[in-house]
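Participant: Submitted below is the structure of interest, expressed as structure tokens.
The values are calculated or read from the model by the stated rules, or taken from the named source; none is laboratory data. Given the structure is predicted, the values throughout are model-derived calculations rather than measurements. Every residue, glycine among them, receives a Cβ derived from its backbone with ideal geometry; neighbour counts consider all protein chains shown. These area figures cover heavy atoms from the full protein model, side chains too; ligands, DNA and RNA do not enter into them. Shrake-Rupley method; radii C 1.70, N 1.55, O 1.52, S 1.80 Å.
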Amino acid sequence: MSKGRLEAFSDGVLAIVITIMVLELKAPSEPTVEALRPLVPEFLSYVLSFAFVGIYWNNHHHLLQAARHVTGWVLWANLHLLFWLSLTPFVTAWMGRTCFAPWPVAAYGAVMLLAGFAYWVLTRVLIAGHGRESPLAVAVGRDFKGLVSLALYAVAIPLAFAEPEVACGLYVVVAVVWLVPDRRIESTLAERVS
């Protein structure tokens, strides 16, 4: 099965997720800078989520770049990932509107944890379809960054009830770790071509 439709569908869903998130930011009716101050938590929540969705989009692109084909299981694993990512606008808005209250911060972490797990499942299903010696399997390797990210989310969720700011700090740490370009797939594919 061609991977083109999967990529196009995923790109469309992620574009809609980002659009919904930005539409949740409501402009104040007063024409003053002070009127923006109450929107700071919502804006910060949006920036964090925009970064996460962008990271998933970028990594999803690289993952599928290394894939030669997709199977029915890959389609389902991809839908699983998109399901969790589609909840991002809800938890983003809830977290921002409540000024990072414990339950919304924990819910945000739960969605991020489940999206991260779904991405891990997608990589494993793709590797199963391509073989353990495939360029994809070699590039993904043991996925240390992915597993550390899942662990940080798992720690942040219960921590949100005691220290929501620290939990948000862990979410930022995960985003920063992934903002550093991961060249495993590009490097592996370049080596195989040369």
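Participant: Run down Ala151, Ala115 and say which single residue is in contact with a Ser or Thr (Cβ under 9 Å, 6 or more places away or on another chain), in a helix (DSSP H, G or I), small (Gly, Ala, Ser) and modelled with pLDDT of 95 or more.
Facilitator: Only one candidate qualifies: Ala115.
Participant: For segment 156-170, state whether one or more residues are out of contact with any Lys or Arg (no Cβ under 6 Å at 6 or more places or on another chain), crowded, with 19+ Cβ neighbours inside 10 Å, among the aromatic types (Phe, Trp, Tyr) and farther than 15 Å from Arg68 by Cβ.
Facilitator: No, that holds for no residue.
Participant: Still on this structure, I have one more. Kindly indicate the residue of segment 164-194 that is modelled with pLDDT under 80 and of a type in the set (A, V, I, L, M, F, W, C) and also farthest from Gly96 (Cα to Cα) among those meeting that condition.
Facilitator: Result: Val193.
Participant: I've got another one for you. Please indicate, with yes or no, whether at least one residue in segment 21-28 is buried (at least 19 other Cβ atoms within 10 Å of the Cβ) and in a helix (DSSP H, G or I).
Facilitator: yes
Participant: Of the numbered conditions (1) open to solvent by less than 50 Å² (accessible area, probe 1.4 Å); (2) in contact with a Phe, Trp or Tyr (Cβ under 6 Å, 6 or more places away or on another chain); (3) closer than 17 Å to Ile55 by Cα, Tyr119 satisfies every one except a single condition; which is it?
Facilitator: (2)
Participant: Note down all Cβ pairs under 9 Å where the first residue falls in segment 7-23 and is over 9 Å from Pro89 (Cα atoms), the second is modelled with pLDDT under 95 and open to solvent by less than 60 Å² (accessible area, probe 1.4 Å), and they're at least six residues apart or on different chains.
Facilitator: From residues that are over 9 Å from Pro89 (Cα atoms), the pairs are Glu7/His60; Glu7/Leu64; Ser10/His60; Ser10/Leu64; Asp11/His60; Leu14/His60.
Participant: Residues of segment 48-106 being touching a residue at least 60 places away in the same chain (Cβ under 8 Å) and among the aromatic types (Phe, Trp, Tyr), which ones?
Facilitator: If the condition is that a residue be touching a residue at least 60 places away in the same chain (Cβ under 8 Å) and among the aromatic types (Phe, Trp, Tyr), then Phe52, Tyr56, Phe100 are the ones that fit.
Participant: Any idea how many residues of segment 70-112 are over 12 Å from the mean Cα position of the chain (by Cα), under 20 Å from Pro164 (Cβ atoms), among the β-branched types (Val, Ile, Thr) and part of a helix (DSSP H, G or I)?
Facilitator: Number satisfying all stated conditions: 3.
Participant: Ok, one more. If I filter segment 71-109 down to residues being over 24 Å from Leu136 (Cα atoms) and among the aliphatic types (A, V, I, L, M), which single residue comes out as surrounded by the most Cβ atoms within 10 Å (Cβ to Cβ)?
Facilitator: Among residues in segment 71-109 that are over 24 Å from Leu136 (Cα atoms) and among the aliphatic types (A, V, I, L, M), the one surrounded by the most Cβ atoms within 10 Å (Cβ to Cβ) is Met95.
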